[in-house]
Amino acid sequence: MLDVAAVMCMSLTMYHEARGEPIPGQVAVGYVLYRRADFNPKNICSETYRAAQFEWTKKTKHVPDYKTLKPFVILSEKIIRQQIKDSSKGASYFHSTALPNQWGMKPKVIIKNHVFY
């Protein structure tokens, strides 16, 4: 059985960070979070709310209705079970394409409006 809190934290992160992105972009954001959580579901929420990790946690506490969130819940469950391919290509970081690469890292992949490192 999956940890409900972990699924919710990942779902909210994908919703707030990538809801306008195609599914591969949403999955990539989920995998970045999961990788930062050391692929341990029990670490997902603490990583989500760790200082300066995800922009949405600083700005909003909005929780969409379940109908809106459901596609992200389904993707989160698949990511945690590793039943869907990691479209981030092993990335641990991402940002909007509107921002410059100020870290000097080589991108692993660009998916629509996000660059993954």
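Observations on the model:
- Choice from A51, A18, A91 with maximal GNM fluctuation in the chain (Cα, 10 Å cutoff): A51
- Restriction of the GluC sites (Glu not before Pro) in segment 11-78 to DSSP coil positions whose beta-carbon has at most 15 other beta-carbons within 10 angstrom yields E55.
- Candidates T68, T97, T60, ranked by Gaussian network fluctuation over the chain, Cα under 10 Å, top entry: T60
- Taking other C-beta atoms within 10 Å as the exposure proxy, M14, M1 rank M1, M14 from fewest upward.
- Charge dipole magnitude, Cβ of K and R +1, D and E -1 - the chain, Cα centre, debye nearest 20: 140 debye
- Per residue Cα convex hull volume in Å³ - calculated over the chain: 100 Å³
- Rounded FRET efficiency, nearest 0.05, which uses the C-beta distance separating S46 from K85 and R0 of 35 Å: 0.85
- Local electrostatic count at G90 - Lys and Arg +1, Asp and Glu -1, tallied over other residues with Cβ under 15 Å: +4
- Based on DSSP H segments of at least four residues, each scored -39500 (n - 2.57), the chain has a per-residue ellipticity at 222 nm of -13500 deg cm²/dmol.
- What the Cβ-Cβ distance of T68 and K108 gives, at R0 = 22 Å and to the nearest 0.05, is a FRET efficiency of 0.15.
- Computed over the chain with a Gaussian network model linking Cα atoms closer than 10 Å, the most mobile of G104, G90, G25 is G104.
- Think of the chain as having a plus end and a minus end, set by charges on the Cβ of Lys, Arg, Asp and Glu; of A6, V32, P64, V32 sits farthest toward the positive end of this dipole.
Read the figures in this text as sums done on the coordinates, not as results from a lab. Here the structure is a predicted model, which means the values were calculated and not measured. Backbone-built Cβ (ideal geometry, glycine too); neighbour counts: all protein chains shown.
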